[in-house]
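The values are calculated or read from the model by the stated rules, or taken from the named source; none is laboratory data. Because the structure is a prediction, the values reported are computed rather than measured. Cβ sites come from the backbone with ideal geometry, for glycine too, and all protein chains shown count toward neighbours.
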């Protein structure tokens, strides 16, 4: 039986600081306008020139050290606080999806792409956090790095930004990192968990090679279709026998390909699928077991197997201490009834995982379904019908600002 979500008790340690939620409400109209502007112009991948230009304009005038990417249209902005302290990184992703929007909103995209995963809110919320923290620069300990990232939906923008130095943008390696993602659900509720939060995304491809022939004389051919079918069935059994239910794997076979003519035995047959894993151990073990299975089945049919395994994004694993800190801080700032310690991870994937592989931190969710829509039946992320309520933007910006300020305040106090 799956455990029910639990609300979080506030921490004993105070995160007293600016009233970011109240200050963010004063920015709400500007943030909503920026979000809707971004929503109209979704761009794909790592080349987002219009989005980058609008974000740079929104940051203009703030006391930030700004650099842009060389291999992608990223933005890195550094805020240096007025007091000594550590460095914290905040991230917002900026890209859209190749989805034709069907929401009917008056600010809907008409360019064939869509912000169907809420990245327009993520970008805007990070701009809001930059404004909030800049207003308290003198009392802020340490530094804040704002990571405006392209390509989360593919081909992946976090890794190139890391390669270009985002984690060291303040002059020293970031001590912690936080990011937020909107999702359907009761508006204004935050949730996250310690440890694995989201799955790693991997691509499996196997091609069985045989010898083609006439469909009426299979004995004169080496038919690759039977080993393909057998492998696809055996793969699901392998998942249940090789891997613990407490470190689950989801293997979805999404592509099958063989011959075209019904009276021809093809020389090759192939499959492709998505494999989601929740630990580095299963990510490494799965291709070993699957390749062994493919070759053994191929050999039994007199065929050969060509195996391919690609790791797209590793699992998103929250640092236990930082995730606990995030849960406690959000509960203090927004109230215990609005923060949920999630019992289970999600099998979707995120390339913020690359950041969390390098820096201890936490990724968390903010539920953002419109009040007039039933959260139970609301369209989900990546749907052409999904709608996120930009009324959450003030709290989204405030949550990022509060986490950064509280982290640096706590860390600098512990060093005194």
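A few points about this structure:
- Candidate set: segment 248-272, residues that are touching a strand residue (DSSP E or B) at 6+ places or on another chain (Cβ under 6 Å) and within 30 Å of residue 194 (Cβ to Cβ); chosen: the one surrounded by the fewest Cβ atoms within 10 Å (Cβ to Cβ): 252
- The residues in segment 41-81 that are more than 19 Å from residue 161 (Cβ to Cβ), surrounded by fewer than 17 Cβ atoms within 10 Å (Cβ to Cβ) and touching a residue at least 24 places away in the same chain (Cβ under 8 Å) can be counted, and the count is 2.
- Between 85, 81, 125, 112, the distinction of being under 18 Å from residue 368 (Cα atoms) and at pLDDT 95 or above belongs to 125 only.
- Qualifying residue in segment 170-181 (condition: in a loop (DSSP other than H, G, I, E, B), under 24 Å from residue 26 (Cα atoms) and in the same structural domain as residue 17 (by TED's automatic domain parsing)): no
- So residue 216, is it modelled with pLDDT of 95 or more, touching a helix residue (DSSP H, G or I) at 6+ places or on another chain (Cβ under 9 Å) and part of a loop (DSSP other than H, G, I, E, B): no
- Elements of type strands (runs of 3 or more DSSP E) contained in segment 311-416, each with 3 or more residues being under 30 Å from residue 286 (Cα atoms): 316-318, 361-367
- Only one entry in 23, 43 is modelled with pLDDT of 95 or more and assigned to a loop (DSSP other than H, G, I, E, B), namely 43.
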